[in-house]
Amino acid sequence: MADKQGSSSRSSSADKKRKRVADSDFNSQIDNVDSFNDEEILSLEKSLTFSDTLVALRMMRAQFPKLEKVSVKPFILRSQLYSSIKDRTQVDRELEVLKRDKVLRVFKLTTGQDDHAVMFLEDYIHQIDTVSKKIETRKEGDFAVFGWFKSHVIMSKLEPSVAHEELFALVLLQCSLLSAGGKVKDEQISLLVNAGILTRQLIDPNIYWFAIPNIGSILKGISQGRKELLSFLNRRKFKEMMLSSLEKKRLRFSSLDMRFHLRDLIGSGHLQTFQSPTGIVVRVLKD
């Protein structure tokens, strides 16, 4: 009996060691992911399992395009995660866990009904700090709203939106999201809106969306890049192209790179990839 337990313990220890080595190798690959071409990236992504959402997020964060005229921290589209991990339900579940654990935040985007962006919480807080330093206001006390927003709103309200009433009125156990940090006036809420940290819903003006500051021009690039890439492939004879050739093309109407848009359109079901004798092919599934 003891021998069996000892053997089982040694086996378990060996498995854990192999996993640590594998994780170390994989992390090393992520650290050097910028040196990979797109075929190598696709191969790496296919090795991910349904439990690798955080790994995929880290990898895509490392590959976020370097933008010259826009100061924004890296974000990942949920559709891009779907391009790497096929179990979408599991991805959604793991995003919820990571959101509750305050590892990241999920934002609703205006580029499409089902479009969501994912940003690591640390990056989001840095983004708020960067924007708040550039806000012009004559009232020194107004700047306190940014620290108050980070400490009490972000950490308490984990969903993509917040009601106007929640910003002022007392809620459960006489503790409101914002009054926990002091009284906030309408002018200070307007300061958050002007900074691009909150945006009003068009359908219900009493609801605010949490937003990523400075993302406006990038959202335009996402929409235009999608149209441009699909239009280009649709004009080809079989609506397909070798990935190795496609990755060399530059989009005219988007500052985001080809890899960013390919992941997005593959994950949303507009494009598919398949292996041919000469390499990976990208094909249009639907316009």
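The values are calculated or read from the model by the stated rules, or taken from the named source; none is laboratory data. No experiment lies behind these values; they were computed from the predicted model shown. Glycine gets a Cβ as well: all are built from the backbone with ideal geometry, and neighbour counts include every protein chain shown.
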Q.
Based on this model, can you work out whether LEU265 counts as over 30 Å from PRO160 (Cβ atoms), part of a helix (DSSP H, G or I) and not acidic (Asp, Glu)?
A. no
Q: Could you list, in sequence order, all residues of the stretch 76-110 that are farther than 15 Å from ASP52 by Cβ and of a type in the set (Asp, Glu)?
A: GLU96, ASP101
Q) Out of curiosity, is SER276 modelled with pLDDT of 90 or more, out of contact with any Leu (no Cβ under 6 Å at 6 or more places or on another chain), small (Gly, Ala, Ser) and crowded, with 17+ Cβ neighbours inside 10 Å? A) no
Q) Could you list, in sequence order, the residues of the stretch 241-286 that are among the charged types (D, E, K, R) and farther than 26 Å from LEU219 by Cα? A) none
Q) For VAL284, are the conditions met, namely being modelled with pLDDT of 95 or more and either under 30 Å from ILE135 (Cβ atoms) or of a type outside the set (Ser, Thr, Tyr) (or both)? A) yes
(Q) Just to be sure before I move on: is GLN188 in contact with a helix residue (DSSP H, G or I) (Cβ under 6 Å, 6 or more places away or on another chain) and either modelled with pLDDT under 85 or exposed (fewer than 12 other Cβ atoms within 10 Å of the Cβ) (or both) in the structure I sent? (A) yes
Q: Could you please find all residues in the stretch 90-132 being more than 26 Å from HIS270 (Cα to Cα) and among the aliphatic types (A, V, I, L, M)?
A: VAL97, LEU98, VAL103, LEU104, LEU121, ILE125, ILE128, VAL131
Q: Starting from the stretch 237-252, take each residue that is among the acidic types (Asp, Glu) and list its partners that are exposed (fewer than 15 other Cβ atoms within 10 Å of the Cβ) and outside any loop (DSSP other than H, G, I, E, B), counting only C-beta distances under 6 angstrom and pairs at least six apart or across chains.
A: GLU240/ARG283
Q. Taking the condition surrounded by fewer than 14 Cβ atoms within 10 Å (Cβ to Cβ) and assigned by TED's automatic domain parsing to the domain that holds ARG88, does ASN234 pass?
A. no
Q) Which of the residues that make up the stretch 94-106 are within 14 Å of LEU57 (Cβ to Cβ) and not acidic (Asp, Glu)? A) LEU95, VAL97, LEU98, LYS99, VAL103, LEU104, ARG105, VAL106
Q. Can you pull out the residues in the stretch 71-91 that are more than 13 Å from ALA56 (Cβ to Cβ) and surrounded by fewer than 15 Cβ atoms within 10 Å (Cβ to Cβ)?
A. SER71, THR89
Q. So which of ASP123, ASP114 is in a loop (DSSP other than H, G, I, E, B) and touching a helix residue (DSSP H, G or I) at 6+ places or on another chain (Cβ under 9 Å)?
A. ASP114
